[in-house]
Amino acid sequence: WSPLNSGNCNAYYLMGKPPIGTSPYNPTGFQHPRTGNNLIETQFYCNTCKRVYPRNTLKQTLKSNTTYCAKYYLVCTNYSPLAIDSYGMYFSNSTIDTISKCAIPLTYLTPQIENQNGIITDTLNWVPISGTFVATGSEKYIVLGNFKSNLTTNTITLISTPASLTVLSSDIYID
């Protein structure tokens, strides 16, 4: 996984399991990866800071007129001030490489897969984001993120934050 634009938007963390006996697992929660040894910590909503859109190259370009099922899992960190409802997957051709302003909401992209679970508040159990779509035949990349504006993203408070804290974000792990 890499950020959408490696020159400008490298603000997610790929974390691996620590040595046995080290606790907690990571500084923002106690979740272990759902499978394997790694997870991504990222931010799909923030009222005053940048968003992050992890992306990956598919092993092969998707086939035209073929229905695909896609899924990833997420869980809110233990220190996330907000929970949101807007999670998606966008499959793209190489034009995704032309995006240079990737810290802003990418509302002009329409994800093929969108969360249907409402606002996700779980900080313990991994929640699937999944769906099916018919490929056009040019999809070479997958991008994960919130493709809605802050105004159209539904939020609720997960933890109380001091009045002096002006940054409200939704911090999640992805596996």
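The values are calculated or read from the model by the stated rules, or taken from the named source; none is laboratory data. Keep in mind that this is a model prediction, so the values were computed, not measured. So basically every Cβ, Gly included, is an ideal-geometry build from the backbone, and we count neighbours across all protein chains shown. Heavy atoms of the whole protein, side chains included, go into the accessibility calculation; ligands, DNA and RNA do not. Shrake-Rupley method; radii C 1.70, N 1.55, O 1.52, S 1.80 Å.
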Would you kindly find the accessible area of SER64, with a 1.4 Å probe and non-protein molecules such as ligands, DNA and RNA excluded, rounding to the nearest 10 Å²?
60
Would you list, by chain and number, the lysines whose Cα falls below 20 Å from the Cα of LYS50, excluding same-chain residues fewer than 8 positions away?
LYS101, LYS148
Round to the nearest 0.05 the FRET efficiency obtained for THR98 and LYS50 when R0 = 22 Å and r is the Cβ-Cβ distance.
0.75
For the range 67-175, the dipole about the Cα centre with charges only on Cβ (Lys and Arg +1, Asp and Glu -1), to the nearest 20 debye, works out at 160
For the range 55-160, report the accessible area per residue in Å² (1.4 Å probe, heavy atoms, rounded to an integer).
51
From the backbone phi of the range 114-120, what are the Karplus-calculated ³J(HN,Hα) couplings (6.51 cos²θ - 1.76 cosθ + 1.60, θ = phi - 60°) in whole Hz, Gly and Pro given as x?
10, 4, 10, 9, x, 6, 9
On a straight-distance basis, which aspartates and glutamates could pair with LYS140 in a cross-link, Cα separation under 18 angstrom, same-chain partners fewer than 8 positions away excluded?
ASP97
Would you be so kind as to identify which of TRP126, ASN38, MET89 lies farthest towards the positive end of the dipole of the range 36-175, taking Lys and Arg as +1 and Asp and Glu as -1 on Cβ and the Cα centre as origin?
MET89
